[in-house]
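Written below as structure tokens is the structure these notes are about.
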Amino acid sequence: MPSAILRYISVIDAMNRFIGRIAMYLIFVLIAVLLWSSVSKVFLTPTMWTLETAQFVMVAYFVLGGPYSIQMGSNVRMDLFYGDWSPKTKAWVDAFTVFFLIFYLGVLLYGGLVSTAYSLGYFGDEPFHFFLNLLGTFFTEGPAAAGEKLGFLERSPTAWRPWLWPIKVVICLGVLLMILQSLAEFFRDIGRLRGVLD
């Protein structure tokens with residue numbers, strides 16, 4: 001296999017391992033938020049922010065830990081026949097079926113980017129043009145000029161009303177990392193079929 005592909009696999013694995021091992025500690029943040037929610041409901045005045053904060057932390061935990069889960073092979077599989085197959089047969093099947101995963105993740109990423117653009121106040125039909133224009137303005141004219149290009153920022157319809165764009169950016173980042181990890185898994189399966197990787 002070309003050294004660039006082997007390097008890609010090692011870089012993506014290292015990056016997703018690092019992010020995933022940090023993201024797994026979000027479970028303690030989630031526990032703390034839910035514990036505070038319970039304590040405040042029983043002994044103090046109930047807080048408005050705990051439910052949505054718990055939801056946001058859970059989403060971040062899930063999508064940022066997803067690529068690490070793919071890498072470790074701990075994602076859920078329906079194992080009727082797969083467990084009995086040889087490593088080579090598993091690599092063939094995985095190399096084929098990963099394209100269904102990549103397609104699905106690509107659709108998710110597109111929807112996430114459209115939703116993120118909407119949350120930043122863009123109501124048009126070309127979210128990619130909006131993001132390119134926003135980034136170009138940020139790097140050429142500065143953050144203040146880029147901020148002027150934003151529209152009405154979407155907020156949650158609850159009483160707390162947090163902005164939704166930060167969690168939507170996290171979702172897009174997590175899905176992008178899953179796509180990159182899926183490509184690394186595809187290259188790893190090709191390497192197994194060629195006998196280069198074990």
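The values are calculated or read from the model by the stated rules, or taken from the named source; none is laboratory data. Computed from a prediction, not measured in an experiment: that's the story for all the values here. Positions of Cβ are backbone-derived with ideal geometry, glycine not excepted, and every protein chain shown enters the neighbour counts. What goes into the accessible areas is simple: the full protein's heavy atoms, side chains included, and nothing from ligands, DNA or RNA. Shrake-Rupley method; radii C 1.70, N 1.55, O 1.52, S 1.80 Å.
Scanning segment 75-96 for residues that are more than 16 Å from residue 196 (Cα to Cα), open to solvent by 100 Å² or more (accessible area, probe 1.4 Å) and among the charged types (D, E, K, R) yields 77, 84. What do you reckon, is residue 127 modelled with pLDDT under 90 and not small (Gly, Ala, Ser)? Yes.
Identify all residues within segment 146-155 that are free of Cβ contacts under 8 Å to residues at least 24 places away in the same chain and over 16 Å from residue 131 (Cβ atoms); write none if there are none. Within segment 146-155, 155 is the sole residue that qualifies.
For residue 45, the criteria (1) part of a helix (DSSP H, G or I); (2) within 16 Å of residue 160 (Cβ to Cβ); (3) free of Cβ contacts under 8 Å to residues at least 12 places away in the same chain hold in every case but one, which is (1). Answer yes if at least one residue in segment 59-70 is surrounded by 14 or more Cβ atoms within 10 Å (Cβ to Cβ), farther than 20 Å from residue 9 by Cβ, hydroxyl-bearing (Ser, Thr, Tyr) and modelled with pLDDT of 95 or more, and no otherwise. Yes, segment 59-70 contains a residue that is surrounded by 14 or more Cβ atoms within 10 Å (Cβ to Cβ), farther than 20 Å from residue 9 by Cβ, hydroxyl-bearing (Ser, Thr, Tyr) and modelled with pLDDT of 95 or more.
A quick yes/no check of all residues on (1) under 28 Å from residue 15 (Cα atoms); (2) surrounded by fewer than 12 Cβ atoms within 10 Å (Cβ to Cβ); (3) not polar (S, T, N, Q):
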position: 117; (1), (2), (3): yes, no, yes
position: 132; (1), (2), (3): yes, yes, yes
position: 140; (1), (2), (3): no, yes, no
position: 157; (1), (2), (3): no, yes, yes
position: 166; (1), (2), (3): yes, no, yes
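Does at least one position in segment 48-58 carry a residue that is in a helix (DSSP H, G or I), more than 25 Å from residue 20 (Cα to Cα) and either out of contact with any Asp or Glu (no Cβ under 9 Å at 6 or more places or on another chain) or open to solvent by 60 Å² or more (accessible area, probe 1.4 Å) (or both)? Looking through segment 48-58, none of the residues is in a helix (DSSP H, G or I), more than 25 Å from residue 20 (Cα to Cα) and either out of contact with any Asp or Glu (no Cβ under 9 Å at 6 or more places or on another chain) or open to solvent by 60 Å² or more (accessible area, probe 1.4 Å) (or both).
If you go through segment 70-89 and pick out every residue that is touching a residue at least 60 places away in the same chain (Cβ under 8 Å) and more than 23 Å from the chain's Cα centre (by Cα), you end up with 2.
Residues that are among the polar types (S, T, N, Q) and closer than 19 Å to residue 48 by Cβ within segment 135-164 comprise 156, 158, listed in sequence order.
Contact map, segment 156-175: residues that are more than 16 Å from residue 121 (Cβ to Cβ) paired with residues that are polar (S, T, N, Q) and assigned to a helix (DSSP H, G or I), Cβ distance under 7 Å, separation 6+ or inter-chain. Pairs shown: 172/116.
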